[in-house]
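**Q** For reference, the structure I am asking about is given below.
The values are calculated or read from the model by the stated rules, or taken from the named source; none is laboratory data. Predicted model, so just to flag it, every value in this text is computed and none were measured. Counting neighbours? That spans all protein chains shown, and the Cβs are built from the backbone with ideal geometry, glycine included. Areas reflect the complete protein model, heavy atoms only, side chains present, ligands, DNA and RNA absent. Shrake-Rupley method; radii C 1.70, N 1.55, O 1.52, S 1.80 Å.
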Amino acid sequence: MKTAKMIIDPISKISKVDERIYGSFIEHLGRAIYDGIYQPGNPLSDEDGFRKDVVELVRELGVPIVRYPGGNFVSNYFWEDGVGPVSERPKRLELAWRSLETNEVGLDEFAKWAKKAGTDVMMAVNLGTRGIADALNLLEYCNHPGGSKYSDMRIKNGHPEPHKIKVWCLGNEMDGPWQIGHKTMEEYGRLAEETAKAMKQIDPEIELVSCGSSSLTMPTFPKWEAVTLEHTYDYVDYVSMHQYYGNAENDTADFLAKSDDCDQFIRTVITACDYVRAVKRGKKDLNISFDEWNVWFHSQQEDDETMKQRPWQKAPQLLEDIYTFEDALLVGLILITILKHADRVKMACLAQLVNVIAPIMTEPGGGAAWRQTIYYPFLYTSRYGRGTAIQPILQTPAHETSNHGQVSDIESIAVFNEEKSEVVLFAVNRNLDEDVLLQTDLRAFEGYRILEHVVLENEDLKATNGPLAEKVSPFQTDRSKLDGGQMESLLKKATWNMVRLGK
Ligand code: AHR
């Protein structure tokens, strides 16, 4: 059998993990809001119309921050349409997804939902069709205590306490030609700089995210980061990264190698941030908000058809990817990659959370909520991947892939939770044909014992979950043995693994 060797020692600390890397995203898109988190009249919903079962699942996932309200949606969103008496709210043509937005849910309702779900809101402003003034009015509405036009409007609308939203995104994917109000890097840099400067005048405590690239393959990447951040450096704290992965070619070995692209993307964005810091003779590091990432490709053809042939529906079924077991492996791999960069990736949002490229689904027509395959690696990493990320010294065998050449069989990261005296190892064997015996030197953790070795495994790479049957869910194994500080773990081919050790 192939073997891999690893040393885990808290000396090789990467950084404390910012729990906001386990964030997610809810856009006014498809059935994410309507039929997803909000469904008045359903016995599964509470007095405010929010689905209680969905709130429970979000709580189970442990999502500390949720980006809202878009996405492409935000670039022509008029936030004022979604506040005040619901009966007076206008219906609008929603251009990004060619749907009908009824505005029954707006930011006040979403803030209320977020409290119930135990999460914070990350708010995005419209820098597509709107600009500085509207961003300022929105911030005043949300965060100013009272005694001014927009804060008093919020109070009049029944929300005496400010929402105190801490993190704000300066637009969405402004580098993308598909974006309504798409901008060149110079145009965006200047607009974002002036918007950021003025927003910090209202509330200096907020944290701002400058729009980065919509994918590693954008022709403007990474010049976009270099140019726009030179404008925004003084006022912003993060630059965003977005990336979706697909396996339309049905080449799974190559698909699972795409976490290496993610690593490359993060490294290049860090380089751009550090370049700008040097140019500005700056004192602060700009960090990364990887605020859209996931697998997204299953539904694309159907979505194009819906938007073209049946536009302007309320809450159409859009982006309802049903995830396979192999998608869950990639999600596990991306989480490992994010943790490897815990020193610079401070926020990340699995896009999205409910019904739209989501770990949580609800049945159309008001049926039960259920967990997709990707739910599980996210759940375990979010629950146990808190503490200090530790860089393992890893020697792993490799295998050949069609587009990525030779790639490592094993991808792994460790997280040390000093408070709980736990060290947790996340590892994926992305070799589809061969098991690997992982030998881990854990002598630095004297007195620790194995608490559990959890595995996500399935003979069928294309296995999916559904409302009636859950074919892909984790289980505990006895595939790890610890003896005198040396642990041997059997990592079967194509598996996601978590080994948790404690005292
Ligand atoms: O998450 C779906 C879409 O993907 C978002 O609206 C957009 O920002 C990205 O292109």
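**Q** Tell me, what is a quarter of the convex hull surface for the C-alpha atoms of the stretch 394-489, in nm² with one decimal? Don't skip to the end; give the middle numbers.
**A** Working: hull surface 33.6 nm².
Computing the convex hull of the Cα atoms and averaging its projections yields 8.4 nm².
**Q** How would you classify the stretch 1-123 from its alpha-carbon gyration tensor, with a ≥ b ≥ c the square roots of the eigenvalues: rounded for a/c under 1.5, else prolate if a/b is greater than b/c, otherwise oblate?
**A** Working: a/c = 2.53, a/b = 2.06, b/c = 1.23.
Prolate, since a/c reaches 1.5 and a/b exceeds b/c.
**Q** Could I ask something else about it? In terms of the Cα gyration tensor, with a ≥ b ≥ c the square roots of its eigenvalues, is the stretch 353-403 rounded because a/c is under 1.5, prolate because a/b exceeds b/c, or oblate?
**A** Details: a/c = 4.33, a/b = 1.78, b/c = 2.44.
Oblate.
**Q** Enumerate by residue number the GluC sites (Glu not before Pro) in the stretch 68-121 meeting two conditions: DSSP loop (anything except H, G, I, E, B), and at most 15 other Cβ atoms within 10 Å of the site's Cβ. Could you put the intermediate results ahead of the total?
**A** Working: sites: E80, E88, E94, E101, E104, E109; in loops: E104.
Answer by residue number: there is no such site.
**Q** Further question: Taking the stretch 160-225, which chymotrypsin sites (Phe, Trp or Tyr not before Pro) meet the DSSP loop condition and have no more than 14 other C-beta atoms within 10 Å?
**A** Those satisfying the criteria are W178.
**Q** Distance in nm between label sites at K166 and A469, each 7 Å beyond Cα in the beta-carbon direction?
**A** Rounded to a tenth, the inter-label distance reads 4.4 nm.
**Q** Using only protein heavy atoms and a 1.4 Å probe, report how much of Y275 is accessible, in Å² to the nearest 10.
**A** 120
**Q** Now a separate question. Where does the stretch 172-245 land on Rg/Rh, using Cα atoms and the Kirkwood Rh? Could you put the intermediate results ahead of the total?
**A** On the way: Rg = 12.1 Å, Rh = 12.4 Å.
Ratio of gyration radius to Kirkwood radius: 0.97.
**Q** Across the stretch 244-296, how large is the tail of the calculated P(r) beyond 17 Å, expressed as a percent of all Cα pairs? Could the numbers behind the result be given before it?
**A** On the way: 689 of 1378 pairs.
I get 50 percent for the Cα pairs in the stretch 244-296 exceeding 17 Å.
**Q** I'd like to know which of M174, T220, A133 lies farthest towards the positive end of the charge dipole of the stretch 130-222, counting +1 on Cβ of Lys and Arg and -1 on Cβ of Asp and Glu.
**A** Of the options given, the answer is A133.
**Q** Okay, moving on. In units of 2.2 N^0.38 Å, what is the alpha-carbon radius of gyration of the chain? Walk me through the intermediate numbers first.
**A** Values: Rg = 22.6 Å, N = 503, 2.2 N^0.38 = 23.4 Å.
For the chain, the normalised Cα radius of gyration is 0.97.
**Q** How high is the FRET efficiency between F78 and E363 when r is their beta carbon distance and R₀ equals 41 Å, given to the nearest 0.05? Before the final figure, lay out each step's value.
**A** Details: r = 32 Å, r/R0 = 0.77.
Given R0 = 41 Å and the Cβ-Cβ separation, E is 0.85.
**Q** Related question: If a/c stays under 1.5 just call it rounded; otherwise compare a/b with b/c (prolate if a/b is bigger, oblate if not). Do that for the stretch 143-185, with a ≥ b ≥ c from the square roots of the Cα gyration tensor eigenvalues.
**A** Numbers: a/c = 3.78, a/b = 2.96, b/c = 1.28.
Prolate, since a/c reaches 1.5 and a/b exceeds b/c.
**Q** Given Cβ point charges of +1 (Lys, Arg) and -1 (Asp, Glu) and nothing else, what value in debye, to the nearest 20, does the dipole of the stretch 201-343 about its Cα centre take?
**A** Numbers: 12 positive and 26 negative charges, 121 e Å.
So the magnitude is around 580 debye.
**Q** Can I ask one more? Per residue, how large is the accessible surface of the stretch 366-503? Use a 1.4 angstrom probe and give square angstrom.
**A** Working: 5840 Å² over 138 residues.
On a per-residue basis, the stretch 366-503 sits at 42 Å².
**Q** Continuing with the same structure: Across 5 Å bins from 0, what is the distribution of all Cα-Cα pair distances for the stretch 324-448, in whole percents?
**A** 2, 9, 17, 19, 18, 15, 10, 6, 3, 1, 0
**Q** Let me ask another. Here are some pairs, K183/K308; K13/K340; K340/K462; which of them have Cα atoms lying more than 18 Å apart in this structure? If you can, show how the numbers build up before the last one.
**A** Working: K183/K308 25 Å; K13/K340 10 Å; K340/K462 28 Å.
Where the Cα-Cα span goes over 18 Å, the pairs concerned are K183/K308; K340/K462.
**Q** A follow-up question, please. For the chain, what is the calculated [θ] at 222 nm in deg cm²/dmol (nearest 500), taking -39500 (n - 2.57) for each run of four or more DSSP H residues and dividing by its residue count? Provide the component values of the computation, followed by the final result.
**A** Working: 11 runs with 132 residues, N = 503.
Mean residue ellipticity at 222 nm (helix-derived): -8000 deg cm²/dmol.
**Q** Give me the 1.4 Å probe accessible area per residue for the stretch 180-311, excluding ligands and nucleic acids, in Å².
**A** Averaged over the residues of the stretch 180-311, the accessible area is 43 Å².
**Q** When N counts the residues of the stretch 214-304, how does its alpha-carbon radius of gyration compare numerically with 2.2 N^0.38 Å, as a ratio?
**A** Working: Rg = 15.5 Å, N = 91, 2.2 N^0.38 = 12.2 Å.
Computed over Cα atoms of the stretch 214-304, the ratio equals 1.27.
**Q** Can I ask one more? Can you work out the FRET efficiency for the pair E302 and E459, with r the C-beta to C-beta distance and R0 = 30 Å, to the nearest 0.05?
**A** Working: r = 28 Å, r/R0 = 0.92.
Result of the calculation: an efficiency of 0.60.
**Q** Give me the one-decimal nm value for the distance between modelled label points at I322 and S15, 7 Å along each residue's Cα-to-Cβ direction.
**A** Distance between the two pseudo-spin positions: 4.0 nm.
**Q** If you don't mind, another one. For L468, L432, write out the residues from largest to smallest accessible area, computed with a 1.4 angstrom probe and no ligands counted.
**A** Largest to smallest exposure gives the sequence L468, L432.
**Q** For the stretch 109-237, just the Cα atoms, rotate onto the principal axes and tell me the three extents in Å, largest first.
**A** Rounded to whole Å, the extents work out to 46, 30, 24 Å.
**Q** With helices defined as uninterrupted DSSP H runs, which ones in the chain have an alpha carbon span along their own long axis of at least 20 Å and mean Kyte-Doolittle hydropathy of at least -0.5?
**A** Span-like helices here: 258-279, 325-340.
**Q** Let me ask you something else. Tell me, what are the semi-axes, in whole angstrom and largest first, of the equivalent ellipsoid of the stretch 333-378 as set by the roots of 5 times the Cα gyration tensor eigenvalues?
**A** Details: eigenvalues 155, 21, 7 Å².
Each semi-axis is √(5λ); the values are 28, 10, 6 Å.
**Q** For the stretch 75-157, which trypsin sites (Lys or Arg not before Pro) are both in a DSSP coil and crowded by at most 13 other Cβ atoms within 10 Å?
**A** Numbers: sites: K91, R92, R98, K112, K115, K116, R130, K149, R154, K156; in loops: K91, R98, R130.
Taking the stretch 75-157 and a limit of 13 other Cβ atoms within 10 Å, the loop trypsin sites (Lys or Arg not before Pro) found are K91.
**Q** Can you compute the charge dipole magnitude of the stretch 103-181 about its Cα centre, using +1 on each Lys and Arg Cβ and -1 on each Asp and Glu Cβ, nothing else charged? Give it in debye, rounded to the nearest 20.
**A** Numbers: 9 positive and 10 negative charges, 56 e Å.
The dipole of the stretch 103-181 has a size of about 280 debye.
**Q** When the accessible area of the chain is computed with all protein chains present and a 1.4 Å probe, what percentage of it is carbon and sulfur?
**A** Whole-percent figure for carbon plus sulfur exposure: 49.
**Q** Please compute, over every Cα-Cα pair in the stretch 100-185, the percentage with a separation greater than 22 angstrom.
**A** Values: 1222 of 3655 pairs.
So the pairs more than 22 Å apart make up 33 percent of the total in the stretch 100-185.
**Q** Please provide three numbers in whole Å: the alpha-carbon extents of the stretch 258-402 along the principal axes, with the largest listed first.
**A** 54, 39, 35
**Q** A further question follows. Could you work out the pair-distance distribution P(r) of the stretch 1-51 from its alpha-carbon pairs, with 10 angstrom bin width and percents rounded to whole numbers?
**A** 19, 22, 19, 13, 21, 7
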